[in-house]
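*Asks:* Take this structure first; my questions come after.
The values are calculated or read from the model by the stated rules, or taken from the named source; none is laboratory data. Computed from a predicted structure; not experimentally measured. Virtual Cβ from ideal backbone geometry, glycine too; neighbours counted across all protein chains shown. For accessibility, only protein heavy atoms count, side chains too; no ligands or nucleic acids. Shrake-Rupley method; radii C 1.70, N 1.55, O 1.52, S 1.80 Å.
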Amino acid sequence: MTAHDERDLVRQIEGHLLLAAAREEGRTAAARLSSRLGRLTEGQRQEVERQFEAEYLALARLSWRRTGERAEELRQAYEARYRALRGRLVACCVLGCALLAAAVLVVSAAA
């Protein structure tokens, strides 16, 4: 198994754990909601809980997707900024080396 395969496996496991946690949170919230609605029959309570859990999970997925998209936007912006800064640093180093070489030439020619 390569390092890339291992990272993919870890990401998949994390995704499954995150989804399981979100489902459990949805079930818990649905149970709290349905317990406050005292007049529901058992069938109605189960349907309310099922729909609430499904909506909760859909909202969680939407939030995760938006977070992922924003993270990608930020990554691209930071990478572009890093490339620009790295280019400026290389240019300054080249300029510094050129100035140093010129100074050495001037000093050696004067001597």
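For (1) part of a helix (DSSP H, G or I); (2) not polar (S, T, N, Q), each residue gets a yes or a no:
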| site | (1), (2) |
| --- | --- |
| 6 | yes, yes |
| 11 | yes, yes |
| 17 | yes, yes |
| 24 | yes, yes |
| 31 | yes, yes |
| 35 | yes, no |
| 39 | no, yes |
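*Asks:* I'd like the full set of residues that are open to solvent by 70 Å² or more (accessible area, probe 1.4 Å) and of a type in the set (A, V, I, L, M), limited to the stretch 54-75.
*Replies:* Of everything in the stretch 54-75, just one residue is open to solvent by 70 Å² or more (accessible area, probe 1.4 Å) and of a type in the set (A, V, I, L, M), namely 59.
*Asks:* Tell me which residues, restricted to the stretch 3-41, are farther than 20 Å from residue 68 by Cα and loosely packed, with under 11 Cβ neighbours inside 10 Å. Before you say what the answer is, go through the steps one by one.
*Replies:* First, pick out the residues of the stretch 3-41 that are farther than 20 Å from residue 68 by Cα: 3, 5-6, 24-41.
Scanning the stretch 3-41 gives 3, 5, 6, 36, 37, 38, 39, 41.
*Asks:* Separate question: So if I check each of 51, 44, which one is assigned to a helix (DSSP H, G or I), of a type outside the set (Gly, Ala, Ser) and exposed (fewer than 12 other Cβ atoms within 10 Å of the Cβ)? Outline the logic, then answer.
*Replies:* On the way: 44 fails: exposed (fewer than 12 other Cβ atoms within 10 Å of the Cβ).
The unique qualifying residue is 51.
*Asks:* Under 7 Å by Cβ, and 6 or more places apart or on different chains, what pairs join a residue from the stretch 25-48 that is without any contact (Cβ under 8 Å) to a residue 24 or more places away in the chain with one that is charged (D, E, K, R) and not in a loop (DSSP other than H, G, I, E, B)?
*Replies:* 31/49; 34/45; 34/49
*Asks:* Taking the residues in the stretch 6-35 that are of a type in the set (D, E, K, R) and under 19 Å from the mean Cα position of the chain (by Cα) as candidates, determine which candidate is nearest to residue 61 (Cα to Cα). So that I can check it myself, show each step before the final result.
*Replies:* Residues of the stretch 6-35 of a type in the set (D, E, K, R): 6-8, 11, 14, 23-25, 27, 32.
Adding the requirement that they be under 19 Å from the mean Cα position of the chain (by Cα) leaves 6-8, 11, 14.
Values: 6: 24, 7: 21, 8: 19, 11: 16, 14: 14 Å.
It comes out as 14.
*Asks:* Residue check: is residue 110 of a type outside the set (D, E, K, R) and surrounded by 10 or more Cβ atoms within 10 Å (Cβ to Cβ)? Lay out the reasoning, then the answer.
*Replies:* On the way: of a type outside the set (D, E, K, R): yes; surrounded by 10 or more Cβ atoms within 10 Å (Cβ to Cβ): no.
In short, no.
*Asks:* I've got another one for you. Residue check: is residue 108 touching a residue at least 12 places away in the same chain (Cβ under 8 Å) and among the polar types (S, T, N, Q)? Step through it out loud before you land on a result.
*Replies:* Working: touching a residue at least 12 places away in the same chain (Cβ under 8 Å): no; among the polar types (S, T, N, Q): yes.
So residue 108 does not fit the description; no.
*Asks:* Based on this model, can you work out whether residue 78 counts as hydroxyl-bearing (Ser, Thr, Tyr) and open to solvent by 90 Å² or more (accessible area, probe 1.4 Å)? Step through it out loud before you land on a result.
*Replies:* On the way: hydroxyl-bearing (Ser, Thr, Tyr): yes; open to solvent by 90 Å² or more (accessible area, probe 1.4 Å): yes.
Here the answer is yes, as residue 78 does meet what is asked.
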